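The values are calculated or read from the model by the stated rules, or taken from the named source; none is laboratory data. Keep in mind the model is a prediction, meaning the values are calculated, not measured. Methodologically, a virtual Cβ is constructed for each residue, glycine included, from the backbone with ideal geometry; neighbour enumeration extends over all protein chains shown.
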């Protein structure tokens, strides 16, 4: 049974980026069809951090009130030395922060965010969502595109947006630039019920423990009912062709040197699944005629500065703005979109790498880093202005570097 | 022909530390005999930096006026990134510096300093100097010591001071703690006539170019007639049992990445001889009955903070002070001397190592270092107080770390 569907905008991928894009396009009056590979829409993983540049987008999409019901608004993020327990610096999310960036910093369960976006999409007559559609082929038609799914379903569309993540089929078709780069780090993550958190967990604080080739992030989720923990380390046993690296034994070995507070927390980090970390170097193109990329498929990045989903949300807003600005001229809108988004996301990709190098320092590097961080004032936003301050004016308000 | 000489104080080693000690003891009224292995008294190498903690000692020894005739008093020391030519920080030797430390920072030719100390010793009736005496054996006599020279000459003394450098025979006898530690760095150094210096050499500036696993130091010497240059790098071909590492080819390879100004300077660095760099971890004892150590034999250190000779001069002053304070009681004076000197020189040894790690950083470490250094004010002496400020009160005036 072969069906051909003709539709204006087709989005591949029902993650945060894809759903936000559907919502943003529909709000500009464009009908959207979205296909998702999985049997059901849903998110794996636990916590997600939403910085002001992204909460601005969520507000524009009309979902911030709903998010308020589930999110936690931490009062600060702190960096702590994972070996010595030394407090290094605070990023204050208080009044000065709100004055600077207008929108709040919030944390929530990934699945809560996805559900909210999904419900908003379902409420829109302009959006059609289809799960269980695994795309196996993409064809550039010049003034449109065709995709073929594993079940034989075929779609033709005026414009195609590949929001299909790290191992994007659309990226492979447009760029064919090989596999993403494995940085040989691995993450263990999960949320535990708050009542299992023994010590005062600091309900108002994102805790970022940093140490040599490792870090641990902690923050509360879902109205403070859950406590999210992510333990990350560099495996010294990486093997490209194997899954037998970044094991639980390595996790224990790496964290054996850390402060007792970190080791206590680590005991409650889930071990049943682990995630290898990947990114790609920035590219100078991600568009071909009426096909473009969005989110991780366009600019996969290390999660060290928690901007992966935030940048996907910025992408969604920008793409919709460009289509509106160019009155639906897909060629112009897609090129304008990537012209705006590539430099910015490239900088975020590079900054995430650099920040990783900084937090994972050892020896004299860690010593200098700690002095440097300790000198920073809690409301000094010199390092964050350029990405957190982006949303308010849809341009960078300050060049922090 | 076997001679036995009976003398009160015997110093082994006619370098800067040994001669300064002879002078300091003679000024307290103690007759001193000093033996030197070489055929003539003299210093190898070119420039030496004398910080206030040491120029205070030289003033007390009565030689600062003579030194003034040869020395250069730089107005500042600057750290410059050897790759980018970026100015990183300035240590200002101006009025605030003099107000803080009373005594000046000066640079001079090592041989000029040695000659001045030698002449001062020769003018003292209490000092006997003998060259061409290579010590081959040391014996602890409990209330004295005996040494035997290669030529069969034997000396017995009430007290023995081993100022015999990195490969000290006296240290081997007292501690027998093996070879010094080779840090696998090598130095090429030498002074060239000032007229050969093409560019404005900055007659009033010590230039410290720092880069990954390398550095280059430049400053004027001898009334500005000479220009001293020291190029240092870590060899990646170190071999304990060979002399075939740290070669001229490696020198060129290491510095190929550096800024054109550094490479131009390097072309005029002498290649005919190179020095491997050594230190030792601090020890908790360097005295046995009436035998003690002084200078490099006691606490060999990396020259990265230019404190090797300065610490030997401090040793000399302290040893003489203790003998005076304990009215010639050698047991008490030597123990008091090491009790004062070990913690301080240990800190200087460790700081030299740490400073080496800092200046030789690469990648993100260098990036953070440069930010950190750039934030420092030229007259901020927080990092230097504890060693430069030592001399004025013969104790640490501030704990910089």
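In this structure, residue A:327 qualifies as away from every other protein chain (no Cβ under 14 Å) and surrounded by fewer than 18 Cβ atoms within 10 Å (Cβ to Cβ). Scanning region B:138-157 finds no residues that are under 27 Å from the mean Cα position of the chain (by Cα) and under 16 Å from residue B:65 (Cα atoms). Taken together, A:319, A:293, A:354, A:313 contain a single residue that is on the phi < 0 side of the Ramachandran plot and within 14 Å of another protein chain (Cβ to nearest Cβ), which is A:354.
Is at least one residue of region A:309-324 within 21 Å of residue A:184 (Cα to Cα) and touching a helix residue (DSSP H, G or I) at 6+ places or on another chain (Cβ under 7 Å)? No: zero hits.
When you check residue A:137 against the structure, is it farther than 28 Å from residue A:230 by Cα, out of contact with any strand residue (DSSP E or B) (no Cβ under 7 Å at 6 or more places or on another chain) and at pLDDT 95 or above, yes or no?
no
Of all residue pairs spaced 6 or more apart or on separate chains, those with beta-carbon atoms under 7 Å, a first member in region B:322-345 that is outside any helix (DSSP H, G or I) and a second member that is at pLDDT 95 or above and surrounded by 14 or more Cβ atoms within 10 Å (Cβ to Cβ) are B:326/B:332; B:326/B:333; B:326/B:336. Figure legend. Inter-residue proximity from region B:243-264: first residues on the phi > 0 side of the Ramachandran plot, second residues surrounded by 12 or more Cβ atoms within 10 Å (Cβ to Cβ) and in a loop (DSSP other than H, G, I, E, B), beta-carbon distance below 9 Å, spacing 6+ or different chains. Indicated pairs: B:246/B:235; B:246/B:237; B:246/B:238; B:246/B:274. Applying a threshold of 7 Å to beta carbon distances and a minimum spacing of six or more residues, or different chains, the list of pairs starting in region B:167-190 at a residue that is on the phi > 0 side of the Ramachandran plot and ending at one that is assigned to a strand (DSSP E or B) and surrounded by 16 or more Cβ atoms within 10 Å (Cβ to Cβ) reads B:184/B:234; B:190/B:229.
Note on region A:69-79: among residues that are buried (at least 20 other Cβ atoms within 10 Å of the Cβ) and under 14 Å from residue A:376 (Cα atoms), the one that is farthest from the chain's Cα centre (by Cα) is A:79.
Scoring residue B:363 on the criteria (1) farther than 23 Å from residue B:292 by Cα; (2) buried (at least 16 other Cβ atoms within 10 Å of the Cβ); (3) more than 23 Å from the chain's Cα centre (by Cα) leaves a single failure, condition (2).
In region A:370-382, of all residues being facing another protein chain (nearest Cβ under 10 Å) and free of Cβ contacts under 8 Å to residues at least 40 places away in the same chain, the one that is surrounded by the most Cβ atoms within 10 Å (Cβ to Cβ) corresponds to A:372. One residue alone among A:13, A:18 is surrounded by 21 or more Cβ atoms within 10 Å (Cβ to Cβ) and on the phi > 0 side of the Ramachandran plot, and that residue is A:13.
When residues in region B:43-66 are screened for being within 17 Å of the chain's Cα centre (by Cα) and under 17 Å from residue B:102 (Cα atoms), 10 of them pass.
Within region B:208-236, the set of residues being more than 16 Å from residue B:270 (Cα to Cα) and modelled with pLDDT of 95 or more comprises B:208, B:209, B:210, B:211, B:212, B:213, B:214, B:234, B:235, B:236.
Inside region A:120-161, residues that are touching a helix residue (DSSP H, G or I) at 6+ places or on another chain (Cβ under 9 Å) and without any contact (Cβ under 8 Å) to a residue 40 or more places away in the chain make up a count of 4.
Can you spot a residue in region A:281-289 that is buried (at least 17 other Cβ atoms within 10 Å of the Cβ) and modelled with pLDDT under 95?
Looking through region A:281-289, none of the residues is buried (at least 17 other Cβ atoms within 10 Å of the Cβ) and modelled with pLDDT under 95.
Each row is one residue, and each column tells you yes or no for (1) more than 29 Å from residue A:363 (Cα to Cα); (2) part of a helix (DSSP H, G or I); (3) out of contact with any helix residue (DSSP H, G or I) (no Cβ under 6 Å at 6 or more places or on another chain).
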{"residue": "A:254", "(1), (2), (3)": "no, yes, yes"}
{"residue": "A:277", "(1), (2), (3)": "no, no, yes"}
{"residue": "A:292", "(1), (2), (3)": "yes, no, no"}
{"residue": "A:299", "(1), (2), (3)": "yes, no, no"}
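For (1) more than 21 Å from residue B:302 (Cβ to Cβ); (2) touching a strand residue (DSSP E or B) at 6+ places or on another chain (Cβ under 7 Å); (3) part of a strand (DSSP E or B), each residue gets a yes or a no:
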residue: B:115; (1), (2), (3): yes, no, no
residue: B:132; (1), (2), (3): yes, no, no
residue: B:177; (1), (2), (3): no, no, no
residue: B:182; (1), (2), (3): no, yes, yes
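Scanning region A:77-105 for residues that are in a strand (DSSP E or B), more than 17 Å from residue A:304 (Cβ to Cβ) and in contact with a helix residue (DSSP H, G or I) (Cβ under 9 Å, 6 or more places away or on another chain) turns up just one, A:87. All conditions but one from (1) crowded, with 18+ Cβ neighbours inside 10 Å; (2) within 20 Å of the chain's Cα centre (by Cα) apply to residue B:322; the one that does not is (2).
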